[in-house]
Every structure is written in C-alpha cells, then in structure tokens.
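Following: one structure in structure tokens, then a few remarks.
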Amino acid sequence: KAGVTQTPRYLIKTRGQQVTLSCSPISGHRSVSWYQQTPGQGLQFLFEYFSETQRNKGNFPGRFSGRQFSNSRSEMNVSTLELGDSALYLCASSLAGLAGGEQYFGPGTRLTVT
Amino acid sequence: QQQVKQSPQSLIVQKGGISIINCAYENTAFDYFPWYQQFPGKGPALLIAIRPDVSEKKEGRFTISFNKSAKQFSLHIMDSQPGDSATYFCAASGKDNFNKFYFGSGTKLNVKP
C-alpha cells in the first residue's frame, strides 16, 4: 500500500507570495492532518480534516488555510508568506474517524521563504 | 503551555546499550501516546504506541513504559544500534482532540559504534 505522498517536496517562495501544498493520504484513510515543523518550535498542529470537514484547528493565523476533497486528498494554503513561515510542512493521514488512532506522516514539503 | 515535555534533548549511547527517553504530560484526557522516529530529510515514522489501560508495551527492541498516576511515559530502546541514530518524538492525543496530536520537543539519539 502506498504511503502518504506530498507535493511538491521543495519550494522556494518570496515574502508576500502565497503557496499551495498538496497531500494524498494512504488509500482508505479519511482523516488528514497538517503540521509545521521548525527547529525552534518543533512539531505544531495546524488543522485536521475528516470527510471534507475541518474538525480541529491549531493556533496559527488565518493566513494558513486548508481543505479536503471528496477523495480525501488535502491541500494547505499559506497566503502573504512571511520569512517565519519557512519550515517543513508535514501531512499525516489516519484511518479512524475517532481520535487517537494511528497516524502516518508523509515526507513533508520543505518551504523556504526569501 | 507545553502539553508534552520530553527529555533529554540529546542522548549518546554506545552500541548495544539501552536508550531511554522520557515524556511527561499534563492533560489527563490524553488517551493515546505514540512515539515517532525521524531521520534527516524524512517525515516522522510511527514506531510504537500505547494506551493508558496497559503499563507496558513491547515491540521488538522498543518498549514503552507508562505510568498513569505520574502522567509519564518513556521509550526504551534495547540493544541500541547505530541505525537507531535519529530524532525521537513522543506525542499525545485525546478522544476530544480529533487527531490533534501534541508533540514533545524531540530527542536526538546518537548510537556510537
């Protein structure tokens, strides 16, 4: 079974631009979560989607948004990029609709904002 | 407020030794505690997980010990190998969090040959 895939793997953007990252979960998984990983702040939860609905959201500004499609694929968008948005963005998928199930991460998208 | 505290920040162990990483949590509503292993340039990989109804879970060389009353859990890596050199993260989630996981700050493990 294929794992979680994320595209693109690397991205360089300029401050003020916007960016869209894509995540395809493991086949059959309906829950997709997004995390930001930085050396200073570690792994921080952005939001989680299940059956196209956002169920939970972390403490990030409104510039960070996401959505999920009917095939469970998810996209994350960051508008008006700031230098501090440079990070590894990780997507994780889970089979269970219930909380606290096994969660599998993709390889991440490395975003660099210049 | 940091929901999950992890220590140590870094760890050096000789090949064949035991690596021990500790985590403590605050929220008693947490009921699922996974450990992840991350190699440079890769996403975290689920290693082993435990729920509060058991005090210990073992999978191969990896063991989680769980102390509900102390709100602590730890990862033991027996017979540590150089290939185990990676960053390890503990995490916690609860029924009401809908897959929102709180992660520890990570432990960089270096196993010396």
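Longer than 32 Å from Cα to Cα, which of A:Lys57/B:Lys71; A:Lys13/B:Lys71; B:Lys42/B:Lys71; A:Lys57/B:Lys112 are they? Say none if no pair is.
A:Lys13/B:Lys71; A:Lys57/B:Lys112
Summing Lys, Arg as +1 and Asp, Glu as -1, what charge do residues with Cβ under 12 Å from the Cβ of B:Lys100 carry, B:Lys100 excluded?
+1
Percent of Cα-Cα pairs more than 22 Å apart in the protein assembly as shown, please.
Of all Cα-Cα pairs in the protein assembly as shown, 51 percent lie more than 22 Å apart.
Return the subset of B:Lys68/B:Lys108; B:Lys15/B:Lys68; B:Lys5/B:Lys108 for which the Cα-Cα distance in this structure is over 20 Å, preserving the input order.
Result: B:Lys68/B:Lys108; B:Lys15/B:Lys68 exceed 20 Å.
Taking chain A as a Gaussian network, Cα atoms linked when under 10 Å apart, which of A:Gln37, A:Gln17, A:Gln54 shows the biggest mean-square fluctuation?
A:Gln17
For segment A:55-77 and segment B:1-46, write down the distance between their C-alpha centroids in whole Å.
That distance is 26 Å.
GluC sites (Glu not before Pro) within segment A:1-78: which are DSSP loop residues with at most 15 other Cβ atoms inside 10 Å?
A:Glu52
Give me the net charge for the shell around B:Leu75: Cβ to Cβ below 13 angstrom, other residues only, Lys and Arg +1, Asp and Glu -1.
0
If one computes P(r) from the Cα atoms of segment B:18-85, what percent of pairs lie at distances over 21 Å?
The answer is 25 percent, as a whole percent.
Using a ≥ b ≥ c from the Cα gyration tensor of chain A (square roots of the eigenvalues), is it rounded, prolate or oblate, where a/c under 1.5 gives rounded and otherwise the larger of a/b and b/c decides, a/b for prolate?
In terms of gyration-tensor shape, prolate.
Work through the residues other than B:Asp84 whose Cβ is under 12 Å from its Cβ and net out their charges, Lys, Arg +1 and Asp, Glu -1.
+3
Of the residues B:Gly17, B:Gly83, B:Gly60, which exhibits the maximal mean-square fluctuation in a Gaussian network model of chain B defined by a 10 Å Cα contact cut-off?
B:Gly60
None of the figures in this text is laboratory data; all of them are computed from the coordinates on show. Predicted model only: the values in this text are computed from it and were never measured. Cβ sites come from the backbone with ideal geometry, for glycine too, and all protein chains shown count toward neighbours.
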